[in-house]
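What follows is one structure encoded as structure tokens, with my remarks underneath.
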Amino acid sequence: MNKRCIGCGIILQDKDEQVLGYTPDLKNAYCRRCFRLKNYGEKKEETIDDTKIIEKVNKQECIVFFLCDYLNINRITISLFKKIKPKKYFVISKTDTLRREMKEEKIKLWLKTVYNIEEAILFISSNPQFKSNNIFKVMDEEKINTCYLMGLTNVGKSTFLNKLLKENKIKKEILASDKPNTTLDFIKIKIGDYIVYDTPGFSYENSILAITKKEIKPISYRITPNSSLVINNYEFFFSTPNKVVYYGLVPITRKFTQISGNIRVNIPANHDIVLPGIGFLNIKEPCVVLTNMPNLEVRLNSSGGANE
Ligand SMILES: Nc1nc2c(ncn2[C@@H]2O[C@H](COP(=O)(O)OP(=O)(O)OP(=O)(O)O)[C@@H](O)[C@H]2O)c(=O)[nH]1
Ligand SMILES: [Mg+2]
């Protein structure tokens with residue numbers, strides 16, 4: 001049987017240095033890429049075929065835990081979730097990054113109303129100080145012993161699996177990192193009677209993906225008429241006064257000039273402009289925004305009860 005790299009799941013080979021999975025010695029546990037990523041933080045970009053991953057999982061008899069951190073909940077990730085056919089759970093990962101005032105029940109209700117999520121919603125964190133939903137208990141209830149951890153790259157799939165391994169005193173470590181697409185192939189891990197698969201993460205087609213690591217700290221802005229907010233090449237111009245709260249992971253700047261974008265978007269009161277891979281802007285007052293961001297998603301805000 002082909003031996004797989006414990007770091008990323010790819011089949012190990014000692015024939016071609018230019019091909020993924022290369023190791024000079026097949027006795028090694030890690031391929032050369034993972035060895036270098038682990039020891040020197042080096043990594044080349046790899047592309048993952050989202051459709052193939054979903055097609056493969058859709059043929060399995062299993063449960064899918066679809067991980068998504070709070071800032072990456074948007075119509076792109078939700079549409080990936082909806083393509084998954086086996087029994088699935090929507091799992092909010094990295095709950096240690098949520099503000100303490102946010103209530104799980106309120107977030108659940110918002111996901112149901114705004115994104116029509118009918119499935120059960122769970123909350124997990126890899127931080128040992130935070131209580132996670134027990135996925136093994138869920139598997140017992142469903143009477144299925146195989147599960148797949150799926151989701152965008154960097155949402156914490158491998159870190160969560162490492163937490164499960166540690167809690168079950170299994171000395172194995174899957175590679176987890178700040179770099180996108182750390183996991184390259186399915187990694188099968190047996191924990192007692194359960195089989196947990198780690199999978200390669202999906203990526204946004206036209207967007208960066210900033211990594212949620214610390215508590216999300218909203219930043220409030222009082223918008224003066226005829227000024228803009230600029231985030232990662234995207235500009236949002238307001239002609240009327242407003243109050244905006246930014247929940248995001250990349251720097252935001254203000255500009256007091258008209259912008260280049262000419263797409264007009266109507267924003268109802270307390271709605272978000274969604275910034276895939278970054279977070280969102282919560283716009284408090286109804287307004288028209290001028291922007292250069294195409295296909296903008298506007299949705300009802302969820303503060304999870306934090307702003308009530
Ligand atoms: N604060 C916080 N950070 C986390 C948590 N889980 C993972 N991270 C961080 O998020 C980054 C990505 O974690 P990974 O476990 O490699 O993510 P992944 O989903 O396996 O990514 P791919 O293999 O690329 O699909 C790492 O820097 C982790 O330290 C968590 O529960 N809380
Ligand atoms: Mg991974």
**Prompt:** Among Leu122, Leu109, Leu152, which is more than 16 Å from ligand 2 (Cβ to nearest atom), under 15 Å from the mean Cα position of the chain (by Cα) and either at pLDDT 90 or above or farther than 15 Å from Cys62 by Cα (or both)?
**Reply:** Leu122
**Request:** Output the number of residues of segment 33-49 satisfying the condition of being crowded, with 17+ Cβ neighbours inside 10 Å and assigned to a helix (DSSP H, G or I).
**Result:** 4
**Asked** Within the group Leu111, Leu152, Leu164, Leu122, which residue is surrounded by 15 or more Cβ atoms within 10 Å (Cβ to Cβ) and within 18 Å of Asp50 (Cα to Cα)?
**Response** Leu152
**Search result, residues across segment 181-210 that are over 16 Å from Ile10 (Cβ atoms) and within 14 Å of ligand 2 (Cβ to nearest atom)** = Val196, Phe202, Ser203, Leu209
**Request:** State which residue pairs qualify: first residue closer than 15 Å to Asn74 by Cα and inside segment 284-308, second residue among the acidic types (Asp, Glu) and modelled with pLDDT of 90 or more in any location, beta carbons under 6 Å apart, and separation of 6 or more residues or different chains.
**Result:** Arg299/Asp272; Asn301/Asp272
**Request:** Hey, can you tell me all the residues within segment 50-69 that are free of Cβ contacts under 8 Å to residues at least 24 places away in the same chain and either buried (at least 18 other Cβ atoms within 10 Å of the Cβ) or not β-branched (Val, Ile, Thr) (or both)?
**Result:** Lys52, Glu55, Lys59
**Message:** Out of the residues in segment 176-205 meeting the condition of being of a type in the set (Val, Ile, Thr) and near ligand 1 (Cβ under 8 Å from one of its atoms), tell me which one is nearest to Lys137 (Cα to Cα).
**Reply:** Thr199
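Being outside the structural domain of Arg100 (by TED's automatic domain parsing) and of a type in the set (Lys, Arg) narrows it down to one residue among Lys179, Lys214, Lys172, Lys166; which is it?
After ruling out the rest, the residue left standing is Lys214.
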**Request:** Go through segment 273-289 and give me each residue that's at pLDDT 95 or above and either outside any strand (DSSP E or B) or surrounded by fewer than 23 Cβ atoms within 10 Å (Cβ to Cβ) (or both).
**Result:** Val274, Asn282, Lys284, Glu285, Pro286, Cys287, Val288
**Condition check for Val114: aliphatic (A, V, I, L, M), within 16 Å of ligand 2 (Cβ to nearest atom), assigned by TED's automatic domain parsing to the domain that holds Ile92 and over 21 Å from Asp193 (Cα atoms)** = no
**Prompt:** Ile54 is checked against (1) within 30 Å of Ile144 (Cα to Cα); (2) part of a loop (DSSP other than H, G, I, E, B); (3) touching a Lys or Arg at 6+ places or on another chain (Cβ under 6 Å) and fails just one. What number does that condition carry?
**Reply:** (2)
**Message:** Which count do you get for residues in segment 63-102 that are closer than 21 Å to Tyr204 by Cβ and within 16 Å of ligand 1 (Cβ to nearest atom)?
**Reply:** 21
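The values are calculated or read from the model by the stated rules, or taken from the named source; none is laboratory data. Predicted model, so just to flag it, every value in this text is computed and none were measured. Cβ: placed from backbone, ideal geometry, glycine included. Neighbour counts: every protein chain shown.
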